[in-house]
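Undergrad: Structure incoming, see below.
The values are calculated or read from the model by the stated rules, or taken from the named source; none is laboratory data. Bear in mind the structure is a predicted one, so any value in this text is a computation, not a measurement. So basically every Cβ, Gly included, is an ideal-geometry build from the backbone, and we count neighbours across all protein chains shown.
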Amino acid sequence: MRHKSDGRRPLTGAAGLRFAVVISQFNEGITSRLRDGARAALSEAGAAAGDVQEWLVPGAFELPQAARAVAESGRVDAVVALGCVIRGETPHFDYICGAVANGLMAAACETGVPMTFGVLTTDTEAQAAARAGPGGDNKGFEAAAAAIEMARLFRGLLAEARRPLSTDKPRS
């Protein structure tokens, strides 16, 4: 999706980490391109194909439920949630977007597994397509890149927490 020629540093640091990519099937023409962006980021960063699981859910509303279940399995270091909600003529958009954002944050906080928000919330399909295209604007790529950073951070924090405390006082 993105190339080094776009001015950014190449992604690294995903080797040895396990990821789940949970993808909404609603607006599949968009979410499949977000999935492609996420796959590209994880691959570029060195994630082994066997360390990336993909799970499909019917719509964006189901993303937090599936993300929580995957996180609770203990099999992943981070979850990438991908979806697309396009505003319509009713308040349904607002309810769904709020529920998904709050649900993913609650699931991440309660499970201790980082979850990234790769859910497009746009006014039009054209806006969604622009954010799911190739190159630097693919939000699936960005969500996967954030998941790599968060998984590494959490691994580092856990390693730090397990390290014995050192004392600054000399022994007598």
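Undergrad: Could we say that residue 159 is surrounded by fewer than 19 Cβ atoms within 10 Å (Cβ to Cβ) and either touching an Asp or Glu at 6+ places or on another chain (Cβ under 8 Å) or at pLDDT 95 or above (or both) here? Break it down into steps so the answer makes sense when it comes.
TA: Values: surrounded by fewer than 19 Cβ atoms within 10 Å (Cβ to Cβ): yes; either touching an Asp or Glu at 6+ places or on another chain (Cβ under 8 Å) or at pLDDT 95 or above (or both): no.
Against the criterion (surrounded by fewer than 19 Cβ atoms within 10 Å (Cβ to Cβ) and either touching an Asp or Glu at 6+ places or on another chain (Cβ under 8 Å) or at pLDDT 95 or above (or both)), residue 159 does not qualify.
Undergrad: Here's something else I'd like to know. Out of (1) touching a residue at least 12 places away in the same chain (Cβ under 8 Å); (2) in contact with a helix residue (DSSP H, G or I) (Cβ under 8 Å, 6 or more places away or on another chain), the odd one out for residue 137 is which?
TA: In the conditions (1) touching a residue at least 12 places away in the same chain (Cβ under 8 Å); (2) in contact with a helix residue (DSSP H, G or I) (Cβ under 8 Å, 6 or more places away or on another chain), residue 137 misses (1) alone.
Undergrad: Let me ask another. Criterion first (of a type in the set (Val, Ile, Thr) and farther than 30 Å from residue 124 by Cβ) does residue 80 satisfy it?
TA: Details: of a type in the set (Val, Ile, Thr): yes; farther than 30 Å from residue 124 by Cβ: no.
No; evaluated as a whole, the condition is false for this residue.
Undergrad: Tell me whether the range 48-70 contains one or more residues that are touching a helix residue (DSSP H, G or I) at 6+ places or on another chain (Cβ under 6 Å) and of a type in the set (D, E, K, R).
TA: The initial filter retains those residues of the range 48-70 that are touching a helix residue (DSSP H, G or I) at 6+ places or on another chain (Cβ under 6 Å), namely 52, 55, 57, 60-61, 63-64, 67-68.
Among the residues that remain, those that are also of a type in the set (D, E, K, R) are: 68.
Yes; the residues of the range 48-70 include at least one that is touching a helix residue (DSSP H, G or I) at 6+ places or on another chain (Cβ under 6 Å) and of a type in the set (D, E, K, R).
Undergrad: Which members of the range 69-100 meet the condition of being closer than 29 Å to residue 130 by Cα and out of contact with any Phe, Trp or Tyr (no Cβ under 8 Å at 6 or more places or on another chain)? Working first, answer last.
TA: Pass one, the range 69-100, residues closer than 29 Å to residue 130 by Cα: 78-100.
82, 88, 89, 90, 91, 92, 93, 94, 95, 97, 98 - these are the residues of the range 69-100 that are closer than 29 Å to residue 130 by Cα and out of contact with any Phe, Trp or Tyr (no Cβ under 8 Å at 6 or more places or on another chain).
Undergrad: May I ask you to list the residues in the range 90-117 that are touching a residue at least 24 places away in the same chain (Cβ under 8 Å), farther than 21 Å from residue 155 by Cβ, surrounded by 14 or more Cβ atoms within 10 Å (Cβ to Cβ) and within 20 Å of the chain's Cα centre (by Cα)?
TA: Matches in the range 90-117: 96, 97, 99, 100, 103.
Undergrad: May I ask you to verify whether residue 66 is farther than 25 Å from residue 9 by Cα and in contact (Cβ under 8 Å) with a residue 24 or more places away in the chain? Write out each step before concluding.
TA: Working: farther than 25 Å from residue 9 by Cα: yes; in contact (Cβ under 8 Å) with a residue 24 or more places away in the chain: yes.
Judged against the criteria, residue 66 is a match.
Undergrad: I'd like to check something: does the range 111-119 contain any residue that is of a type in the set (A, V, I, L, M, F, W, C) and at pLDDT below 95?
TA: Here is the first cut: in the range 111-119, the residues of a type in the set (A, V, I, L, M, F, W, C) are 113, 115, 117, 119.
Then drop every residue that is not at pLDDT below 95, which leaves none.
Scanning the range 111-119, I find no residue that is of a type in the set (A, V, I, L, M, F, W, C) and at pLDDT below 95, so the answer is no.
Undergrad: Would you be able to say whether some residue in the range 66-86 is more than 24 Å from residue 151 (Cβ to Cβ) and more than 15 Å from the chain's Cα centre (by Cα)?
TA: Looking for residues that are more than 24 Å from residue 151 (Cβ to Cβ) and more than 15 Å from the chain's Cα centre (by Cα), one finds at least one in the range 66-86, hence yes.
Undergrad: When you go through (1) aliphatic (A, V, I, L, M); (2) under 17 Å from residue 114 (Cα atoms); (3) at pLDDT below 95 one by one for residue 20, which number turns out not to apply?
TA: Going through (1) aliphatic (A, V, I, L, M); (2) under 17 Å from residue 114 (Cα atoms); (3) at pLDDT below 95 one by one, residue 20 breaks only (3).
Undergrad: From the list 152, 87, which one is under 28 Å from residue 48 (Cβ atoms) and of a type in the set (Lys, Arg)?
TA: 152 is the lone residue from the list that is under 28 Å from residue 48 (Cβ atoms) and of a type in the set (Lys, Arg).
Each row is one residue, and each column tells you yes or no for (1) of a type in the set (A, V, I, L, M); (2) over 16 Å from residue 103 (Cα atoms); (3) buried (at least 21 other Cβ atoms within 10 Å of the Cβ); (4) in contact (Cβ under 8 Å) with a residue 12 or more places away in the chain.
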residue: 13; (1), (2), (3), (4): no, yes, no, yes
residue: 48; (1), (2), (3), (4): yes, yes, no, yes
residue: 61; (1), (2), (3), (4): no, no, no, yes
residue: 84; (1), (2), (3), (4): no, no, yes, yes
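Undergrad: Restricting attention to the range 72-108, which residues are assigned to a loop (DSSP other than H, G, I, E, B) and closer than 22 Å to residue 42 by Cβ?
TA: Going residue by residue through the range 72-108, those that are assigned to a loop (DSSP other than H, G, I, E, B) are 73-77, 87-91.
Matches in the range 72-108: 73, 74, 75, 76, 77.
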